[in-house]
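Working notes, beginning with the structure itself.
Values in this text are rule-based calculations from the coordinates and carry no lab data. Note that the structure is predicted; figures quoted are calculated from it, not measured. Heads up, the Cβs are rebuilt from the backbone with ideal geometry, glycines too, and the neighbour counts pull from every protein chain shown.
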Amino acid sequence: MIEAEAVTEDIWAEVDKSVESCSLTHCGFCTFECPMYKEFGFESYTSRGKKLLIKNLRKGRDEDILNLSEFSPNDLEKEFFACTLCGYCDFICAPSSDSQAAVRNTQIFEEIRALLVENGIFPEEDVELCKGIKNHFNPWKGARRTDKKNVAKELIGLGMKDAEKDSVNSILYVGCTTASFAKSTDFPLGNIVKSAAKILSSVDQDVGVLGKEEMCCGGILKRTGFVTAHNPHWSSFEECMTKNLDLFERLEIQEIITACPGCAKTFAEDYKDEMEDLGIKTVHLVEKMVELLDEGTISLGEFPIPMTVTFHDPCHLVRHLARFRQLEGNEYGVEKVVEGPRKVLKAIPNIEFMEVPIYHGFRSHCCGSGAGLNNAFHENALNVGKRRAAELEDCLEKGNHEEKAIVTACPFCNIMLREALRQLGSEKNVYDIAEIVGEALDGAV
Ligand code: SF4
Ligand code: SF4
């Protein structure tokens, strides 16, 4: 059995170094594009503001200790938890984006959240996430363990294997969000994994699904600071990680494919050492599809209707997964994750691809749903989503086809952009790139 290592390592010297470096630089590059600055209008919500606060919270303190007595818990809750951990401030900040940097801004904010949680400071709404995962392996309200079983049954009907019964090298990790909304009419996410199953089954019969044994990856608990066990009725990141690793080891899984960037980032980055010990590789479905296309294993034909699309880059995919790989000296992430979706969409006849000026790829604006913001600060998250949806809509208006849609590669972004478009009175659709590729496979000759 692989034990989950203590995730809060001794990184405080690096945190203090980064905070000091920010005080000296004080450049403010992270300010204006921070979605929380746009939303609240206060610098204390930005990376620079948070780092200034951290400097004061850490004054005279060693190791993982914060000087909390002089600060209002309500202010700390808002300033540290009203942040999507979108990573724009990682990308734009010299001390954070340096490949030699031992700690990035978003990692610092996660560490501070974990300490605040230990001290009882967190949004009350987050408790439901912890309880949901403990009881139903899923943070979404109303979710049940049977949701994943039902999704798996459908995918097995489409040609995938049952990873609990059959020996498989790879699994398609469905993820809590997709499973919870698989049958939703407002947010029909079930099509994402059905398309994934269609693509993967067309080339590789050795991919399975876990069904009701699939745990939550625990990413949301890491982002919201619930890293270690606090309460017997709440789950923690460490509990999820241990359960997942036990399961993967028992089933001798060698590759995890997921269409959820949150799960992909969690497995690739937060479980990195343990996954390496078990010899398990994590890939996002986008990478897998680009790989299959590049090697000629699948080919794409005409999309059934002429459609103009633009691509929304999920933060967890580009500024976390791809960036993490890039910082490790692995260009694979950029080639497959950032350029890959564009290459795929441009290769499909009948699809016209439009790029959002400036704010795409590493510079993409956040949709607002990440890191617990949508759960604890829904109205603010939706406002961020509306700003991004309007930007994507503007881009689509310049396209030539009557049918226009936003394409993304994340179930979280998918939900938020759909909700935001509705609020804006728009009837444009949102697709996952797997759905587009799934349709185009049928047109291949
Ligand atoms: S992670 Fe995103 S939302 Fe949070 S401070 Fe940085 S830019 Fe702002
Ligand atoms: S970009 Fe980095 S160094 Fe500059 S103010 Fe923001 S956090 Fe500080």
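Quick notes on this one:
- DSSP H segments from the chain that extend 27 Å or more along their own axis, Cα-based, with Kyte-Doolittle mean of -1.0 or above: 378-397
- Between Lys17 and Asp166, the distance separating the two model label sites (each 7 Å from Cα on the Cα→Cβ line) works out to 4.9 nm.
- Three-way shape call for region 135-279 based on the alpha-carbon gyration tensor, with the a/c threshold at 1.5: oblate
- Added length on full extension, which subtracts the Cα-Cα distance from 0.36 nm per residue, Ala229 to Glu276: 14.5 nm
- Low-density loop positions, GluC sites (Glu not before Pro), region 414-445 - DSSP coil, at most 12 other Cβ in 10 Å: Glu427
- Put in order of Cβ neighbour count within 10 Å, fewest first, the listed residues Asp62, Asp75 become Asp62, Asp75.
- Fewest-first sequence of Ser72, Ser180, Ser97 by Cβ atoms within 10 Å of each Cβ: Ser72, Ser97, Ser180
- Based on alpha-carbon atoms, the Kirkwood radius and the radius of gyration of the chain give Rg/Rh equal to 0.95.
- The convex hull of the Cα atoms of region 12-118, projected and averaged over all directions, covers 6.2 nm².
- Nonlocal amide H pairs with Lys161, under 5 Å, H built at 1.01 Å: Val207, Gly208, Val209
- Restricting region 30-118 to trypsin sites (Lys or Arg not before Pro) that sit in a DSSP loop and have at most 11 other Cβ atoms within 10 Å of their own Cβ leaves Lys59.
- Entry note, the chain: the mean residue ellipticity at 222 nm calculated from DSSP H runs of n ≥ 4, each adding -39500 (n - 2.57), is -13500 deg cm²/dmol after division by the residues and rounding to the nearest 500.
- Candidate aspartates and glutamates for bridging to Lys17, where Cα separation is under 17 Å - those fewer than 8 sequence places away on the same chain excluded: Glu9, Asp62, Glu63, Asp64, Asp90, Asp98, Glu110, Glu111
- Across Lys51/Lys343; Lys194/Lys428; Lys165/Lys243, pairs whose alpha-carbon gap is larger than 26 Å: Lys51/Lys343
- Taking amide H atoms as placed 1.01 Å from N in the peptide plane, the amide H of Tyr431 lies under 5 Å from those of Ile406, Val407, Thr408, each 5 or more residues away in sequence or on another chain.
- Considering only chymotrypsin sites (Phe, Trp or Tyr not before Pro) in DSSP loops that have at most 14 other Cβ atoms within 10 Å, the longest stretch of the chain without any of them is 43-445.
- In region 126-442, Cα pairs under 8 Å separated by at least six residues give a relative contact order of 18 percent.
- Cross-link table Lys131/Lys153; Lys134/Lys183; Lys222/Lys272; Lys346/Lys398; Lys161/Lys288, entries beyond 21 Å C-alpha to C-alpha: Lys131/Lys153; Lys134/Lys183
- Burial ordering of Thr310, Thr185, fewest other beta-carbon atoms within 10 Å first: Thr185, Thr310
- Projecting label points 7 angstrom from Cα along Cα→Cβ for Asp62 and Val127 puts them 3.6 nm apart.
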